[in-house]
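Shown next, in structure tokens, is the structure this report addresses.
The values are calculated or read from the model by the stated rules, or taken from the named source; none is laboratory data. As the structure is a prediction and not an experimental result, all values here were calculated from the model. No Cβ is skipped: glycine too gets one built from the backbone with ideal geometry, and neighbour counts run over all protein chains shown. Side chains are part of the model used for accessible areas, which takes the heavy atoms of the whole protein and leaves out ligands, DNA and RNA. Shrake-Rupley method; radii C 1.70, N 1.55, O 1.52, S 1.80 Å.
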Amino acid sequence: MKLIIRKLEEKHLPMVDAFSCMETQEMLDSYNAKMRRRILKHSKEMEDFLKDEALEEQEKGLNTTHLFIDLETDRIVGYVSLCNDSIGLEVEERENMGLTYTTVPALKIARLAVACDYWGMGIGKSLIQFSAYMGKRIKEMSGVAFLTLDCYEHRVSFYESVGFVKNMVQPIVLPYDTPISMRIGLETYLERVGKE
């Protein structure tokens, strides 16, 4: 597989229309019916964002969406949408990090999805690594201490395997699917990736 990374443009829309990150029934078999419905809903939201919102939001300056394209098949194998963020830190966290600020600048992985045909090939980790390198470039001009993201419970273990941790400050829990706020130190992540 030969991958290229391109910022989303109008010329990519035919490829965008063909993108699917929907789980197959086999992938969902280990979950109960309620969880299967939630997972399918989340996957549909990821597809709908790329197909219906990403380009418009990018044009409004709300985020940038980057496509990983397989040159051999001319297909999108995954995408990541990035935006600016800041996270609140508890007093204990600030003291442990030697920080005085109550909020710290971050680069947010607003959306990340991998085409279902490419799961298990390391594309998700590559999208995170790309995000970290973008954070490093931004850090040369502006402060960025963390990569952040919000994910649903069924994705937490994947992000933890990369090194993300749950933020102590979480969104207000709603009676339905509340995403979990997570982060990883940008420099810590880049150092670890550099050693691998």
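Quick notes on this structure:
- Relative counts (whole %) of C-alpha pair distances in the chain, using bins that are 5 Å wide: 1, 7, 15, 19, 20, 17, 12, 6, 3, 1, 0
- With Cα atoms defining each centre, the range 129-196 and the range 1-67 are spaced 19 Å apart in the structure.
- Within the shell of other residues whose beta carbon sits under 13 angstrom from the beta carbon of E59, the net charge comes to -3, with Lys and Arg scored +1 and Asp and Glu -1.
- Between 0 and 90°, nearest 10: helix 123-139 axis offset from the chain longest Cα axis: 40
- Once the chain from Q129 to K51 is taken as fully extended at 0.36 nm per residue, the excess over their C-alpha distance is 25.7 nm.
- Each other residue within a Cβ distance under 13 Å of R37 adds +1 if Lys or Arg and -1 if Asp or Glu, for a net charge of +2.
- Phi to ³J(HN,Hα) by Karplus 6.51 cos²θ - 1.76 cosθ + 1.60 over the range 97-112, Hz, x for Gly, Pro: 9, x, 10, 10, 6, 7, 10, 10, x, 8, 10, 9, 7, 6, 8, 8
- Computed from the Cβ-Cβ distance with R0 of 41 Å, the FRET efficiency linking T102 to E140 stands at 0.95.
- Cross-link pairs K108/K166; K51/K139; K2/K41; K11/K60; K44/K136; K7/K51 - those with Cα-Cα distance over 23 Å: K51/K139; K2/K41; K44/K136
- Multiplying the residue separation of W119 and K195 by 0.36 nm and subtracting their alpha-carbon distance yields 24.9 nm.
- Computed with a 1.4 Å probe over protein heavy atoms only, the accessible area of K41 comes to about 100 Å².
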